[in-house]
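Enquirer: I am attaching a structure below and will ask some questions about it afterwards.
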Amino acid sequence: MKIHNFSAGPSILPPQVLLQASEAVLNFNNDNLSILEISHRSKPFVDVMEKARALALELLGLEGKGYKALFLQGGASTQFLMVALNLLEKRAGYLNTGSWSDKAIKEAKIFDDIYEVGSSKSANYNYIPKGYDIPTDYDYFHCTSNNTIFGTQIKEFPDCPIPMVCDMSSDIFSRQLDFSKFDLIYAGAQKNMGPAGTTLVVVKEDILGKVSRKIPSMMDYKVHISKSSMFNTPPVFAVYTSMLTLEWLKDLGGIKAIEKENEKKARLMYSEIDLNPLFKGFSVKEDRSYMNATFNLVDDTLKETFDTMLKEAGISGINGHRSVGGYRASMYNALSLDSVKALVEVMSELESKA
Ligand SMILES: *Cc1c(COP(=O)(O)O)cnc(C)c1O
């Protein structure tokens, strides 16, 4: 039976990427050696790293614009503190739109003064605050483009008078944006790019080197840039698999092409949530995420029946996060429209039964 994988992360990857990655575990580059057992300084792997870095910039439209791409370790969660260590001198502004933003704020507060320019915490993060001011004398502004847990997404980014930092872990490469509005973008690979174990950081070089503190080498973006993202042993398999996914995306026609697919999936998903009286969406309509659709059953006594039907249809990974409950359908780049159709069918079948 085909499994429709709606997992929120680690999550679905394109089948051909999984095949290529598994082949490389046994025989990489036709050298009869596994990608897991060669030096990261060998030419074949250096080529992988360089290709992955170049593809990331190319797909985002940031080539030749003063940006560098790095594949680091420690997850997006390490970026919460690395951003502050590298950029925070006096004060920074954060938009609090979900648990991930909240964690980013908590880490940055270890170092210095953080001001929340806006927050939807009191509404359990079911919307994106708007109309907030970003003080011009702050070091940077930090936001989270997509709230994986609550299912909201920033549709319009502010014209930011100071460097803009964005956690794009769960929607990077999913929609067209003017990425040059951002000075630093980071994303854990395991949502929309590859396996867990590496984090993409895209940073505009000229914002670095301005803080007075000493930064430990592993935490210093400048050190990683000067070593071409090879300061220490990189997570070779995660970088390789991410490179394959970026190649897959480029061959499809890049972000422009995948955005169209993502819009089709989200439209289908949300129209079912809105039209089927058995379900209600969690977040406000205008801020709904195209990646993670959160919804609940209106009548919880139907849960067992619905869950059984989902299982029988091969639908996997749609239980909501513990802080929201209900259901969450994650529709990352590699998820096909057919999988959303399969889910929507079960939802309408439940309606005809109830
Ligand atoms: C998953 C996620 C994180 C955490 O990523 P780790 O790689 O587990 O540290 C951070 N931010 C967002 C938006 C996420 O979706």
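Enquirer: R0 = 30 Å: FRET efficiency of Ala54 with Lys109, Cβ-based, nearest 0.05? Mind dumping the intermediate values first?
Expert: Numbers: r = 36 Å, r/R0 = 1.19.
Result of the calculation: an efficiency of 0.25.
Enquirer: Want the number for Lys214 to Asp178: 0.36 nm per residue separation, take away the alpha-carbon distance, what's left? Write down the numbers at each step before the final one.
Expert: On the way: separation 36, 0.36 × 36 = 12.96 nm, distance 3.27 nm.
Extending this stretch completely gives an extra 9.7 nm.
Enquirer: Given only helices, namely DSSP H runs of n ≥ 4 each adding -39500 (n - 2.57), what is the per-residue ellipticity at 222 nm of the chain, to the nearest 500 deg cm²/dmol?
Expert: Values: 10 runs with 130 residues, N = 354.
Only helices count here, giving -11500 deg cm²/dmol.
Enquirer: Hey, in the GNM for the chain with a 10 angstrom Cα cutoff, which one of Val165, Val25, Val239 fluctuates hardest?
Expert: Largest GNM mean-square fluctuation: Val25.
Enquirer: On to the next question. Hey, got a sec? Which trypsin sites (Lys or Arg not before Pro) in region 73-154 land in a DSSP loop and have at most 10 other Cβ atoms within 10 Å?
Expert: Working: sites: Lys90, Arg91, Lys103, Lys106, Lys109, Lys121, Lys130; in loops: Lys90, Lys130.
Passing sites in region 73-154 are Lys90.
Enquirer: Under 12 Å from the 7 Å Cα→Cβ point of Lys264, by amide nitrogen: which residues of region 13-33?
Expert: No residue passes the distance filter.
Enquirer: If the cut-off is a Cα-Cα distance under 17 Å, which lysines reach Lys227, setting aside same-chain residues fewer than 8 apart in sequence?
Expert: The reachable lysines, counting only those whose Cα sits under 17 Å from Lys227, are Lys43, Lys51, Lys68, Lys204.
Enquirer: Grab the Cα-Cα distance for Asp338 and Val298, subtract it from 0.36 nm times how many residues apart they are, and report the gain in nm with one decimal.
Expert: Details: separation 40, 0.36 × 40 = 14.40 nm, distance 2.54 nm.
Gain on stretching Asp338 to Val298: 11.9 nm.
Enquirer: Between His321 and Lys250, what is the FRET efficiency for a Förster distance of 30 Å, r being their Cβ-Cβ separation, to the nearest 0.05? Present the calculation step by step, with values, prior to reporting the outcome.
Expert: Values: r = 32 Å, r/R0 = 1.05.
Once rounded, the FRET efficiency stands at 0.40.
Enquirer: Are there any GluC sites (Glu not before Pro) in region 91-190 that are in a DSSP loop and have at most 12 other Cβ atoms within 10 Å? List them by number. Intermediate results must be reported in sequence, preceding the final value.
Expert: On the way: sites: Glu107, Glu116, Glu156; in loops: Glu156.
Filter output for region 91-190: Glu156.
Enquirer: Using θ = phi - 60° and the Karplus curve 6.51 cos²θ - 1.76 cosθ + 1.60, what whole-Hz ³J(HN,Hα) does each residue of region 306-319 get, with Gly and Pro shown as x?
Expert: 4, 4, 5, 4, 4, 4, 5, 8, x, 8, 10, x, 9, 5
Enquirer: Still on this structure: Which cross-chain or sequence-distant (5 or more) residues have an amide H under 5 Å from the amide H of His142, H modelled 1.01 Å from N in plane?
Expert: Result for His142 returns Gly93, Tyr94, Leu95, Val165.
Enquirer: Right, here's the next one. Work out the charge dipole of region 287-332 with +1 on the Cβ of Lys and Arg and -1 on the Cβ of Asp and Glu about the Cα centre, then indicate which of Val298, Leu310, Tyr332 is farthest towards its positive end.
Expert: Going by the charge dipole, the pick is Tyr332.
Enquirer: Express in nm, to one decimal, how much length is gained between Ser77 and Asp274 on full extension, taking 0.36 nm for each residue of separation and deducting their alpha carbon distance. Show your work: numbers first, answer last.
Expert: Values: separation 197, 0.36 × 197 = 70.92 nm, distance 3.40 nm.
67.5 nm is the gain from fully extending Ser77 to Asp274.
Enquirer: Out of the trypsin sites (Lys or Arg not before Pro) in region 277-329, which ones are loop residues according to DSSP with at most 15 other C-beta atoms within 10 Å? Walk me through the numbers on the way to the answer.
Expert: Working: sites: Lys280, Lys285, Arg288, Lys303, Lys311, Arg322, Arg328; in loops: Arg322.
Taking region 277-329 and a limit of 15 other Cβ atoms within 10 Å, the loop trypsin sites (Lys or Arg not before Pro) found are Arg322.
Enquirer: Something else: What lysines could a cross-link reach from Lys130, if we take a straight Cα to Cα line under 20 Å and drop same-chain neighbours fewer than 8 places away?
Expert: Candidates past the 8-residue exclusion: Lys121, Lys155, Lys181, Lys285.
Read-outs: derived from the displayed coordinates by stated rules, not from any lab. Just so it is clear, the structure is predicted and the values come from calculations on it, not from any experiment. For neighbour counting, all protein chains shown are included, and Cβ atoms are generated from backbone atoms with ideal geometry for every residue, glycine included.
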